[in-house]
Every structure is written in C-alpha cells, then in structure tokens.
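Written out below as structure tokens is the structure these notes cover.
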Amino acid sequence: MFLKQLELNNFRNYHKQVLEPGLFLNILTGQNAQGKTNILESIYMACIGNSFRTAKEKEIINWESDFSYIHSLLQTEQHSLQVNIFLKQGFKKIEVNGSLKRGSPLGWPGVVLFTADDLALVKGSPFERRRFLDLEVGPFHPQYAHNLARYQRVLVQRNNLLREVRQKREEKSSLQVWDEQLCRYGAKILSIRLELLKKFSPLLRSLYRELAAGVENFDIRYKSTVKLEGLNSEEEIYNKLQQQMYLLQAEEIDRAQSLLGPHRDDLIFFINGRDARIYGSQGQQRTIVLTLKIAQIDLWKEELDEYPILLLDDVIFELDHDRRQAIFERIGSLVQTFLTTTKTEDIGFSKELNHKTFTVSHGSII
C-alpha cells in the first residue's frame with residue numbers, strides 16, 4: 001500500500017497543504033518545531049483513525065480554526081481508497097470512498113510507526129511492552145481489540161468494587177460476577193497473545209540473526225502472572241485464572257487492586273540466553289526494537305499481501321550507520337517510507353533508491 005496524495009486543512013500548524021509523496025523514500029527535513037511530525041501524525045490518522053500523539057483530538061485542530069480536515073488517497077494492490085477525516089470540537093467523522101466508517105478506516109493498521117520513544121521498549125517499564133502487545137501485535141487478530149476493551153472496562157469496575165469491599169460497603173460475594181468476567185476476557189486475551197507470539201517468534205529470531213550478522217541468537221518469552229505451563233486452551237487458562245484469583249482474593253481486597261491478568265504481564269527479550277534488559281548493550285537493545293518493527297512489516301505482507309507504510313519519526317540518527325543501512329536494504333524498494341530528520345547527510349540509503357526530499361518550514365512544505 002502507498003499514499004498517493006495527502007491534503008490537510010487546519011491540521012496542527014498547517015492551514016492548507018497538499019503533499020504528493022514519492023513511491024518509496026520520502027524525507028521530511030527542517031528545523032525542530034516546524035511541522036515534520038505533524039505530517040506523520042496525519043498519515044497515521046488517515047490509516048488508523050486516531051493520533052499517536054494525543055487522545056485529545058481538539059489539540060489537532062489549528063488554534064485559529066474550529067475544524068480540521070484530512071483528505072488522503074491510498075492505493076492498495078486491489079483498490080484505490082479515498083479516506084476523509086473531519087474533526088470539530090467533540091466530533092469526528094471518517095469516510096472511506098464516501099461511506100461512513102467507525103474505528104480503523106482500513107480494517108487493518110496500514111502503518112508501522114517507529115519513533116525515538118520506541119528505543120526504550122526493551123529497557124523501559126512493563127507498561128511499554130504491554131502497549132506494544134496491545135497496539136502493534138494485537139491488531140493481527142480481528143477480535144483482540146474488542147476483547148481488550150471489554151477486559152479494561154471490567155477491570156475498572158472490579159477495582160472499584162474491591163475498594164468498596166475493603167471499606168465494608170459491599171459483601172465479598174458481590175465480586176463473583178466481576179471475577180467471572182475478568183477471567184473470561186483475560187483468558188481470551190492471553191490465548192490470543194500466545195497464539196500471535198507463536199507466529200511472531202520464529203520471524204523475530206530469523207530477522208535478529210540477520211541484522212546481527214549471524215553472530216547472536218534472539219528469543220522472546222511471555223511472562224504471565226498466571227502459571228501457563230501445560231495450558232493449551234482458552235478454557236484451561238480461564239480455569240487457572242479463577243483458581244489463582246480465589247487464592248489471592250484477600251490480598252486483592254486489602255490492596256484494592258486486581259493482581260492477576262494480562263494487565264500485569266510482560267515480555268522478556270533474550271540475547272544468547274541472557275535477559276537483554278539487564279545484560280544487553282545499547283546496540284543490541286536497539287537491534288531488538290528494529291527487529292520488532294521490520295517483523296511487523298513482513299508479517300502484514302504475509303497476512304494481507306500488502307506492505308504497510310513505514311513512518312520513521314526523528315529516529316534514524318538514533319541508530320548507528322550499520323542499522324540505518326539495514327533498514328533501507330531490507331525495505332527501501334518495497335515499502336513507502338516517510339522519514340523526519342533535521343539533517344540529510346549520511347542517512348544511510350543507497351543513492352540509487354528512488355527518493356524525494358521535502359523541506360518543512362513554519363507549516364509549509366517545499
């Protein structure tokens with residue numbers, strides 16, 4: 001898939017802007033705070049339906065206007081797609097080829113985003129890795145987002161009830177319904193996560209070994225608050241969750257927190273059998289993140305026979321020269337890429353690669 005045209009009206013610092021990108025590498029250069037990332041945000045919104053920078057969409061609307069509009073033309077192997085997103089205070093409308101659409105405009109993400117913040121994925125908090133699972137791995141399963149939303153709603157209700165039980169305003173027996181729902185949706189999420197990681201892991205191992213010139217072995221393991229060893233089905237996971245939740249009930253009431261479930265799980269990355277978060281060098285940790293991003297691109301191609309658009313936001317010079325070259329050698333002539341940077345020298349791509357350079361200055365693109 002590739003973006004043929006992008007038109008913005010009152011989007012962030014752009015009053016009116018039309019962009020016609022190249023088929024492969026598109027470099028957006030300029031000083032900081034000129035609007036480079038705003039372009040990536042608008043492309044992301046055209047594909048996903050939401051921003052990767054804010055949940056408050058009113059912040060996207062230019063402060064001199066009361067509405068914002070994104071018009072994009074996308075081309076897949078089979079279809080031409082016209083995606084329009086209209087924003088007003090407290091209101092959003094998404095149209096795809098003239099028909100109203102809820103949620104993701106495309107039915108799949110359509111983009112892979114790589115920012116400097118992603119480099120903290122390995123050594124950052126478990127929250128960052130769960131976020132990766134939910135937003136970047138989860139979409140490979142059609143029911144993941146639905147089950148996650150239901151689980152999160154139940155989790156909030158159950159934690160509120162635990163607080164009420166601790167304060168003696170509710171009986172313990174009132175927890176039973178919420179326990180059952182939390183275990184049911186938790187089992188669905190865990191089952192899907194394990195299924196996706198089983199598919200993802202061989203690709204990750206192969207890619208990492210390729211990027212590390214064949215001298216290191218990589219592995220990824222799921223760390224759960226529930227003992228999953230020997231469990232082969234969603235129903236078995238559900239039963240195990242219920243058993244362990246019953247044993248922890250007194251502690252959960254005392255702390256007014258749900259202590260079991262996918263909201264407390266983690267991913268562990270290993271290089272040559274050692275925990276990369278603790279023992280991995282900065283270069284190794286960044287190779288892991290690069291592996292995760294490229295693996296998403298390859299897996300989308302495998303699943304849908306479509307390459308997603310790649311967005312590289314101010315991250316290219318956070319990687320060393322060899323890793324920059326590795327990106328362009330692998331995806332340069334296959335994937336439409338948008339790259340933001342304050343400098344253009346020694347980016348790392350072959351000059352034979354079809355590319356366009358755009359200069360961004362004060363909300364205007366040349």
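The values are calculated or read from the model by the stated rules, or taken from the named source; none is laboratory data. Keep in mind it's a predicted model, so treat the numbers as computed, not measured. Heads up, the Cβs are rebuilt from the backbone with ideal geometry, glycines too, and the neighbour counts pull from every protein chain shown. What goes into the accessible areas is simple: the full protein's heavy atoms, side chains included, and nothing from ligands, DNA or RNA. Shrake-Rupley method; radii C 1.70, N 1.55, O 1.52, S 1.80 Å.
For the structure I just gave you, tell me whether D134 is at pLDDT 95 or above, in a helix (DSSP H, G or I) and acidic (D, E). So D134 fits the description; yes.
Among the residues of region 209-248, those that are closer than 27 Å to Q176 by Cβ, in contact with a helix residue (DSSP H, G or I) (Cβ under 8 Å, 6 or more places away or on another chain), without any contact (Cβ under 8 Å) to a residue 60 or more places away in the chain and of a type in the set (A, V, I, L, M) comprise V226, L228, L231, I237, L241.
Going residue by residue through region 226-234, is there one that turns out to be of a type in the set (G, A, S), over 22 Å from R286 (Cα atoms) and crowded, with 17+ Cβ neighbours inside 10 Å? Looking for residues that are of a type in the set (G, A, S), over 22 Å from R286 (Cα atoms) and crowded, with 17+ Cβ neighbours inside 10 Å, one finds none in region 226-234, hence no.
Residue selection: D265 fails the criterion of being in contact with a helix residue (DSSP H, G or I) (Cβ under 9 Å, 6 or more places away or on another chain), under 30 Å from K343 (Cα atoms), touching a residue at least 24 places away in the same chain (Cβ under 8 Å) and among the charged types (D, E, K, R).
Note on region 67-96: residues that are under 20 Å from L23 (Cβ atoms), open to solvent by 80 Å² or more (accessible area, probe 1.4 Å) and in contact with a strand residue (DSSP E or B) (Cβ under 9 Å, 6 or more places away or on another chain) total 0. Applying the criterion of being in contact with a Phe, Trp or Tyr (Cβ under 9 Å, 6 or more places away or on another chain), among the small types (G, A, S) and in a loop (DSSP other than H, G, I, E, B) to the residues of region 259-285, the residue that is surrounded by the fewest Cβ atoms within 10 Å (Cβ to Cβ) is G280.
Scanning region 43-61 for residues that are open to solvent by 30 Å² or more (accessible area, probe 1.4 Å) and in contact (Cβ under 8 Å) with a residue 40 or more places away in the chain turns up Y44, I48, F52. Of everything in region 317-348, what is touching a strand residue (DSSP E or B) at 6+ places or on another chain (Cβ under 6 Å) and either open to solvent by 70 Å² or more (accessible area, probe 1.4 Å) or farther than 13 Å from T37 by Cβ (or both)? Give them in sequence order. If the condition is that a residue be touching a strand residue (DSSP E or B) at 6+ places or on another chain (Cβ under 6 Å) and either open to solvent by 70 Å² or more (accessible area, probe 1.4 Å) or farther than 13 Å from T37 by Cβ (or both), then V335, Q336, T337, T344 are the ones that fit. Quick check on E195: is it at pLDDT below 95 and exposed (fewer than 15 other Cβ atoms within 10 Å of the Cβ)? For E195, the condition - at pLDDT below 95 and exposed (fewer than 15 other Cβ atoms within 10 Å of the Cβ) - is not met.
Of the set (1) surrounded by fewer than 19 Cβ atoms within 10 Å (Cβ to Cβ); (2) under 26 Å from the mean Cα position of the chain (by Cα), all apply to A213 but (2).
Evaluated against (1) charged (D, E, K, R); (2) modelled with pLDDT under 95; (3) open to solvent by 50 Å² or more (accessible area, probe 1.4 Å); (4) over 13 Å from the mean Cα position of the chain (by Cα), D117 falls short on exactly one condition, (4).
For region 286-313, residues that are outside any helix (DSSP H, G or I) and surrounded by fewer than 19 Cβ atoms within 10 Å (Cβ to Cβ) total 2.
Checking G98, G30, G22 one by one, the residue that is out of contact with any Asp or Glu (no Cβ under 7 Å at 6 or more places or on another chain), over 24 Å from K343 (Cα atoms) and of a type in the set (G, A, S) is G98 and no other.
The set of residues from region 150-181 being closer than 16 Å to L260 by Cβ, without any contact (Cβ under 8 Å) to a residue 60 or more places away in the chain and out of contact with any helix residue (DSSP H, G or I) (no Cβ under 8 Å at 6 or more places or on another chain) comprises V156, Q176. Identify all residues within region 324-353 that are touching a Leu at 6+ places or on another chain (Cβ under 6 Å), of a type outside the set (A, V, I, L, M, F, W, C) and farther than 19 Å from E41 by Cβ; write none if there are none. Correct list: G332 only.
Scanning region 7-42 for residues that are open to solvent by less than 30 Å² (accessible area, probe 1.4 Å) and β-branched (V, I, T) yields a total of 3.
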